[in-house]
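**Student:** Take this structure first; my questions come after.
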Amino acid sequence: MKTVNFESKKIAPAKIVCIGRNYVEHIKELGNEIPSSMVIFMKPNSSIDEKLFTCKDEPIHYEGEISFLIINSKIAGVGFGLDLTKRGIQSKLKEKGLPWERAKAFDGASVFSDFVKFSGDTSSLHVKLFINDKLIQNGSVTHMLYRPEDILEEIESFSCLQNGDIVMSGTPKGVGIVNQGDKFIGEIYQDDKLLIQKEWIAN
């Protein structure tokens with residue numbers, strides 16, 4: 001099983017639950033409709049990787065997200081996550097009304113920083129993504145259509161969250177292609193306090 005780091009411990013998530021279309025500006029940049037209900041999809045443990053890879057066959061898009069580690073059905077930790085997407089395949093699947101797994105659940109499609117303990121008001125959380133030292137994505141929980149507490153409640157209405165599961169809460173506008181050699185720096189803040197920072201070089 002693939003693992004993530006949480007307070008110096010290795011945790012093996014059984015699954016990653018992702019929220020799509022949770023920031024209005026991101027919905028607009030992809031030309032999608034604002035959903036009438038929460039968009040939820042899942043990724044397997046096998047999609048987790050410590051490294052950030054490009055793809056020779058098709059461009060991969062990055063989506064920086066505030067990610068939560070769940071223990072006892074509650075948010076125990078927070079980290080930065082990259083939800084990687086084969087956008088071309090996803091677009092073709094969406095046109096046919098088919099599932100997104102080929103575009104979202106492939107090996108290496110989920111890349112995470114370490115997770116740190118978190119408690120308190122989730123509305124104070126903020127995510128930033130820099131690529132080659134330029135700020136590309138910048139979003140707050142206050143910009144979300146669905147707040148983290150609502151997300152957990154909705155997920156558990158049909159699928160229990162096991163200890164160590166990860167919830168990815170959606171991406172703000174600014175998504176784009178991962179280019180080989182690009183330097184990615186993901187950051188999560190609580191108000192003005194930097195909680196976690198992680199750097200990757202795309203291979």
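Just so you know, all these numbers are worked out from the coordinates, no wet-lab data involved. Being a predicted model, the structure only gives us computed values, none of them experimental. Cβ sites come from the backbone with ideal geometry, for glycine too, and all protein chains shown count toward neighbours.
**Student:** Could you work out the helix-only [θ] at 222 nm for the chain, with each DSSP H run of four or more residues adding -39,500 (n - 2.57) and the total divided by the number of residues, to the nearest 500 deg cm²/dmol?
**Tutor:** Working: 4 runs with 28 residues, N = 203.
Estimated from H runs of four or more residues: -3500 deg cm²/dmol.
**Student:** Let me ask something additional. Below 8 Å, C-alpha to C-alpha, sequence gap of six or more: please give me the relative contact order for the chain in percent. Mind dumping the intermediate values first?
**Tutor:** On the way: 498 pairs, mean separation 61.9, N = 203.
The value is 31 percent.
**Student:** In straight Cα distance, which lysines are under 20 Å from LYS96, not counting same-chain residues fewer than 8 positions off?
**Tutor:** Cα-Cα hits under 20 Å: LYS86, LYS104.
**Student:** Amide H to amide H under 5 Å from PHE6: which residues, 5+ apart in sequence or cross-chain, H placed 1.01 Å off N in plane?
**Tutor:** ILE11, PHE115
**Student:** Convert each backbone phi in the stretch 44-59 into a coupling constant with the Karplus relation 6.51 cos²θ - 1.76 cosθ + 1.60 (shift: θ = phi - 60°), then list the ³J(HN,Hα) values in order as whole Hz, x for Gly and Pro.
**Tutor:** x, 4, 5, 7, 6, 8, 7, 9, 10, 10, 8, 10, 6, 7, 7, x
**Student:** Taking neighbour Cβ counts within 10 Å as the exposure measure, how do CYS55, CYS160, CYS18 sort from fewest upward?
**Tutor:** Values: CYS55 14, CYS160 9, CYS18 27.
Neighbour counts put them in this order, fewest first: CYS160, CYS55, CYS18.
**Student:** Tell me which residues come under 5 Å, amide H to amide H, from ILE71 once H is placed; ignore anything under 5 positions away on its chain.
**Tutor:** ALA76, GLY164
**Student:** To check you understand DSSP bridge types, tell me what percent of the beta bridges within the chain (both residues inside) are antiparallel, rounded to 5. Before the final figure, lay out the partial values.
**Tutor:** Values: 50 of 56 bridges.
Around 90 percent of the beta bridges assigned by DSSP in the chain are antiparallel ones.
**Student:** First check a/c for the chain, with a ≥ b ≥ c the square roots of the eigenvalues of its C-alpha gyration tensor; if it is under 1.5, answer rounded, and if not, answer prolate when a/b is larger than b/c or oblate otherwise.
**Tutor:** Values: a/c = 1.25, a/b = 1.12, b/c = 1.12.
Taking the square roots of the gyration eigenvalues as a ≥ b ≥ c, the chain is rounded.
**Student:** Hey, another quick one. For ILE40, enumerate residues with amide H under 5 Å from its amide H, sequence gap 5+ or separate chain, H modeled in the peptide plane.
**Tutor:** Correct list: GLY20.
**Student:** May I pose another question? For an R0 of 25 angstrom, estimate the FRET efficiency from the Cβ-Cβ distance between ARG102 and ASN179 and round to the nearest 0.05.
**Tutor:** Numbers: r = 22 Å, r/R0 = 0.88.
E between ARG102 and ASN179, to the nearest 0.05, is 0.70.
**Student:** Using θ = phi - 60° and the Karplus curve 6.51 cos²θ - 1.76 cosθ + 1.60, what whole-Hz ³J(HN,Hα) does each residue of the stretch 115-128 get, with Gly and Pro shown as x?
**Tutor:** 10, 10, 4, 9, 8, x, 7, 5, 5, 7, 7, 9, 10, 9
**Student:** Within a 10 angstrom radius of the beta carbon, how do GLU95, GLU25, GLU154 rank from fewest other beta carbons to most? Walk me through the numbers on the way to the answer.
**Tutor:** Values: GLU95 8, GLU25 11, GLU154 16.
Neighbour counts put them in this order, fewest first: GLU95, GLU25, GLU154.
**Student:** When the Karplus curve 6.51 cos²θ - 1.76 cosθ + 1.60 is applied with θ = phi - 60°, which whole-Hz ³J(HN,Hα) does each residue of the stretch 4-20 get, with x for Gly and Pro?
**Tutor:** 10, 9, 9, 6, 6, 10, 8, 10, 9, x, 5, 7, 10, 9, 10, 10, x
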